[in-house]
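Throughout, read-outs are computed from the coordinates displayed, never taken from laboratory work. The structure presented is a predicted model; accordingly, all values stated were derived computationally and were not measured. Note that each Cβ is placed from the backbone with ideal geometry, even for glycine, and that neighbours are counted across all protein chains shown.
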There are 2 protein chains.
Amino acid sequence: MAQVITDRRDVDFILHEQLEVDKLSKHEKFAEFNKKTIDMIVSEARNLAIKEMLPTLKDGDEQGCRFEKGEVKVPDSFHKVYKLFKEGEWIAMCDDPKWGGQGMPSSLSLAVKNFFHGANFPFALHTLLLHGAGKLVEVFGTDTQKELFLKKMYTGEWGGTMLLTEPEAGSDVGALTTTAVKNADGTYSISGSKIFISSGEHNLSENIIHPVLARIEGAPAGTSGISLFLVPKIRVNDDGSLGKFNDVVCTGIEEKMGIHGSPTCSLTLGGKGECIGTLLGDENKGMRAMFVMMNEARLDVGMQALGCASASFMNALDYARERVQGRHLQATGKDAPGVPIIQHPDVRRMLLSMKSYTEGMRSILYYVGLCEDMVHISDDADEKARYQGLIDVLIPIAKGYVSDRAFEVCSDGVQIYGGYGYTKEYPQEQLLRDCKITHIYEGTNGIQAMDLIGRKLGLNKGQSFKDLLDEMKKSVQAAKSVDALSKLAAKAEKTIDKLEETALHISTTIRSEKMMSVFSHAYSFMDATGDAVMAWMLLWRATAAAVKLEKGAKKKDVSFYEGQIKSAQFFINSVLPITLGKMDVILDNDDAVGEISEDSFGGK
Amino acid sequence: MAQVITDRRDVDFILHEQLEVDKLSKHEKFAEFNKKTIDMIVSEARNLAIKEMLPTLKDGDEQGCRFEKGEVKVPDSFHKVYKLFKEGEWIAMCDDPKWGGQGMPSSLSLAVKNFFHGANFPFALHTLLLHGAGKLVEVFGTDTQKELFLKKMYTGEWGGTMLLTEPEAGSDVGALTTTAVKNADGTYSISGSKIFISSGEHNLSENIIHPVLARIEGAPAGTSGISLFLVPKIRVNDDGSLGKFNDVVCTGIEEKMGIHGSPTCSLTLGGKGECIGTLLGDENKGMRAMFVMMNEARLDVGMQALGCASASFMNALDYARERVQGRHLQATGKDAPGVPIIQHPDVRRMLLSMKSYTEGMRSILYYVGLCEDMVHISDDADEKARYQGLIDVLIPIAKGYVSDRAFEVCSDGVQIYGGYGYTKEYPQEQLLRDCKITHIYEGTNGIQAMDLIGRKLGLNKGQSFKDLLDEMKKSVQAAKSVDALSKLAAKAEKTIDKLEETALHISTTIRSEKMMSVFSHAYSFMDATGDAVMAWMLLWRATAAAVKLEKGAKKKDVSFYEGQIKSAQFFINSVLPITLGKMDVILDNDDAVGEISEDSFGGK
């Protein structure tokens, strides 16, 4: 039977043959997570995804969320899945069991999310935001806040969100105007309006806990005067029971291009002066708190995008094997039979491109998860810092680059179905529509690119980016020792060397008078870095596969391993020459973008 | 006031300063179309587009088409626009006035379509298909067929479509199974089922005329046994009055990703044995007839895509000038004011990219129109053939490349709006959804790429592609003589030379044992050729602008002309280095796509 959502064999390959995640079980923290347990968890998640979540994808899109008299109803079919999600304890997979978490490695949780997000990420989004909100309580909450809220959040009894954006404060968070006035009892009265709040209101749970960014009366302007508050939809009494309504009113939900199963809410806080919150963390340190959550949130967005891409690829592959149309290009004679379209060169090109991108991007995301695991278990401060640096540098790639390429994969996924791909009869067009949001939220991809060159490139005096290059070079060396891969390794090495040169060029010019021009090439640099990271991952994978082939693999594995070598071959020979061109552009540092006058854009 | 849909200044620039379309008026056929008349027609079309069509765009998307008991209702607001469209005689702009046409140059009609398609192409699509059907009657019809049908089609009194696709015959037209049985009176009884018929049924007109591809009993299999028939929805009596229903039944319409204002119909012909058609053209020559219409249809699709891109760009530009968010990157001090996002480097990058693509692609499409005009007025057979060759070679670019890049422009157009771009509050997301169909219909873009290398590259023994390269080189020479452009010209020249090398490589290997591998690089070749054509157009435009600047342009024109040079500078310096990489890939001719086994794609 055809695989759906995500290729299980590939998931297993990364976990066990590329990253060897079960080695983490040598460490006490992850002692339970041996290979057998890992496989069991992936199987369980996959079952839930295929049998329960995937069937709700279309319903989520068609019925969508409905706003009625201040209440938001999620698609009917979501309720059962949410119940199963709670029962399976999938919300706080990596967190402390004390609060309802499962304590599993992050790398493993990404494999789980790969199936969940591929099955129906607008549904899964409800649980991501909830987890993020819970994490803020775990990290910054007082004992009382934790006792009152945390377990009910991590177990999904209550919902959770993040109230950040305002109409005039989108990418520019520092411009927000929601205010907090301290009351005599130490609580704060919150008032303001927030928009674009995913899961800001819904009927999946009886209460929703909102971490809210607001400015305490008299605090400085800009980001340095922002504090974080915990604001429940319904107040919580000291004994944990529910109290009165907390004046958090949903005024509407957005009509959107996609993710119709996820309500994007506008909320008014304290319209009647009755919205009470408690400070979460220190005064004026709200932005720092946000940054704690940002890596996880951005990695999740990358996984949402990959989920779409990977489902689109699985569907397209299956369709291309079944759909008979046209004769083989080399067929002779008028009576040549029709062939499945997988035999047509341009369809194969799309499929192999989809394959190599989804595989490489899957490895990138799981690898970031592994780095998180290493941060957690490492006893050595330098090593911890090194892994944290790798994570920080890779996050813009995991979010920005991955979502860009995922959208292209989804577009090809429509294309392979021809006219049918444009219809709602197949999931392909929904996956494309849903995927588009991943370019935008949790920091637009433009912001990811600015983050990469503006903050990450110089992180730890440039050491973290250098560490990334070193990791790449290690894989290149390993590949060089495999006969079948030595030429590909040399090509990848050339790209990595040029990336180093390009990074140096940016680092040395970014603080100069050429600053504006350098930033106008930020996007190209994210693109080029992403290509290089992709080549690294595919080469690493191909090396693991080639070694298995050399040793004599089982028959059913041979085609899989050969496919790994083909993915690397395709990407390195058909994409990297273009990457070199992208880097030439950056090195040339043309400044048409900066030089053109606003009037010269026309349109007036 | 901000321009909407399409920048009028740019339309005028191409018509009068780049292509000098009014020179056509020296020829008798276009004598009426002097500069003044051209400007008047563009103004009239622009008014209709802005005042009447654009306001129906959202309604067309939201209300969409409704299928009720075999009838299709178009969005309510379309009826008024259709009436105005008929009154303005916009359906048969370039056709013989004898049949209700306007006899205008094709180049001018493309400027008109630029506004119409940018305003609401799902509406305009109704009229395009109608025109195409009319053209088949004009070219292949008997006098009787013309008398009965043609004028009523060209004037919009009756609708028209094209019945081609069947469930098992999409890209593979030769597989169709609709049959035609000859009756004693010379008519044919038609029976079969067709799908994906745009405007196959609607309530804009009382009759719809369907050219239908079908196989006459006993005709050969494949494309060589296909004939074309004229099949009205309601039979037409000899005196032109309407007779009885002709057994053409709409069985449903597709639910689609976009173009909701355009009904995509399934039709059953002769379900009760009562569907009568007449042969249009010769028996078994139906495919040849289709090819006559194909260039026009594909050029129209390119214009639909450009319409979306151009509207998306105009909207984004206006938004970026108004939306204040974040401080200037080089601002110092905490109190620096917020700036319109057009001042941020990455937003400027997207805007300049959108600008250069929409401008260059607009020039490509109008230029193909000019070539058509030259075919019509040229007295010299060689010259005629030369222009026809240029058209044929450029059509895959005008359809495939243009629609690919237009979709990317529309994606950036969503991005510039941030979260708002994903909502239905603004038109950006609809333009992106609508645009996606242009990758698919009238031959998928994969088919365009195959057409380019498989048929067009070798057309007239390769002379036509060589003619295209010669035209490019002419513009490069002209640009070299302008100081401000000489460096850009040299870079463009390098790309054109390499394109020639790449084309030669493909031509010499396409019939070899490497055939499959060559075809797997077809898409890259379309891409690279498109980039080169873009560079040519932008350089040509910049040359025209630079010459005006040297002579001393009016103040209000200076920024426009300078903007032309910036578009060329951006594209040549920031895109062409990547194009060179694409050509390296083709020349390297890696065959991972061909070599990978079907099992190695995985997914089982």
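Listed by Cβ neighbour count within 10 Å, with the fewest neighbours leading, A:MET450, B:MET40, B:MET516 appear as B:MET40, B:MET516, A:MET450.
Overall, the anisotropy analysis places region B:422-569 in the oblate class: the square-rooted eigenvalues a ≥ b ≥ c of its C-alpha gyration tensor yield a/c not less than 1.5, with a/b not exceeding b/c.
Nearest 10 degrees is fine. How inclined is helix A:381-396 to the longest principal axis of chain A, computing both from alpha carbons? Helix A:381-396 sits at roughly 80 degrees to that axis.
For peptide B:348-356, the mean count of partner chain Cβ atoms within 10 Å of a residue's Cβ comes to 5. DSSP assigns beta bridges within chain B; of those with both partners inside it, close to 85 percent run antiparallel.
At a Förster radius of 30 Å, what calculated FRET efficiency corresponds to the Cβ-Cβ distance of A:LYS23 and A:ARG288, to the nearest 0.05?
Plugging the Cβ-Cβ distance into 1/(1 + (r/R0)^6) gives 0.35.
Each of B:THR56, B:ASN34, B:GLY118 was scored by the projection of its Cα onto the charge dipole of region B:1-152, and the greatest displacement toward the positive side belongs to B:THR56; charges sit on the C-beta of Lys, Arg, Asp and Glu. Remark: relative contact order (chain B) = 12 percent; criterion is Cα-Cα distance under 8 angstrom and separation of 6 or more residues.
For region B:338-381 and region A:70-137, what is the centre-to-centre distance using only Cα atoms, to the nearest Å? So the separation of the two Cα centres works out to 47 Å. Of the beta bridges in the protein assembly as shown, as assigned by DSSP with both residues counted there, near 85 percent are antiparallel. Applying both filters, DSSP loop and at most 15 other Cβ atoms within 10 Å, to the GluC sites (Glu not before Pro) of region B:147-221 gives B:GLU157, B:GLU168, B:GLU206, B:GLU217.
Run the helix sum for chain A: -39,500 (n - 2.57) per DSSP H stretch of 4+ residues, divided by residue count, reported at 222 nm to the nearest 500 deg cm²/dmol.
-17000 deg cm²/dmol
Working from label points 7 Å from Cα in the Cα-to-Cβ sense, the A:SER378 to B:HIS328 distance is 4.2 nm. Straight-line cross-link reach from A:LYS80 at under 17 Å between alpha-carbon atoms covers these lysines, not counting any fewer than eight positions away in the same chain: A:LYS51, A:LYS58.
In this structure, the amide hydrogen of B:ILE226, modeled 1.01 Å from its nitrogen in the peptide plane, lies closer than 5 angstrom to those of B:GLY286, B:MET287, counting only residues at least 5 positions away or on a different chain. Residues of region B:1-37 falling in the label zone of B:LYS551, defined by backbone nitrogen less than 18 Å from a point 7 Å along Cα to beta-carbon, are B:10, B:12-24, B:35-36. Loop-located GluC sites (Glu not before Pro) in region B:501-550 (DSSP state not H, G, I, E or B) with no more than 15 neighbouring Cβ atoms inside 10 Å: B:GLU513. In loop segments of region A:401-504 as defined by DSSP, there are no chymotrypsin sites (Phe, Trp or Tyr not before Pro) with at most 11 further C-beta atoms inside 10 Å of their C-beta.
Averaged over the residues of A:173-184, the number of partner chain Cβ atoms lying within 10 Å of the residue Cβ comes to 1.
Once both labels are positioned 7 Å from their Cα atoms along Cα-to-Cβ, the gap between B:ASP96 and A:LYS466 label points is 7.8 nm. Note on region A:527-604 and region B:39-60: Cα centroid distance 44 Å, given to the nearest whole angstrom. Give the distance, in whole Å, between the Cα centre of region B:412-488 and the Cα centre of region A:152-176. Computed from Cα coordinates, the inter-centre distance equals 41 Å.
Shielding by partners for B:323-330, please: the mean number of other protein chain Cβ atoms within 10 Å of each residue's Cβ.
Per residue, the average neighbour count from other chains is 4.
Using a simple spin-label model with pseudo-atoms 7 Å out from Cα toward Cβ, B:ALA478 and B:ALA336 lie 4.3 nm apart. Anything over 32 Å Cα to Cα? Flag those among A:LYS152/A:LYS182; B:LYS424/B:LYS554; A:LYS36/A:LYS582; B:LYS436/B:LYS474; A:LYS135/A:LYS556, in the order listed. Long pairs (Cα-Cα over 32 Å): B:LYS424/B:LYS554; A:LYS36/A:LYS582; B:LYS436/B:LYS474; A:LYS135/A:LYS556. Of all lysines in the structure, those lying under 22 Å Cα to Cα from B:LYS480, and not within fewer than 8 positions of it along the same chain, are B:LYS466, B:LYS491, B:LYS494, B:LYS498, B:LYS548, B:LYS551, B:LYS566.
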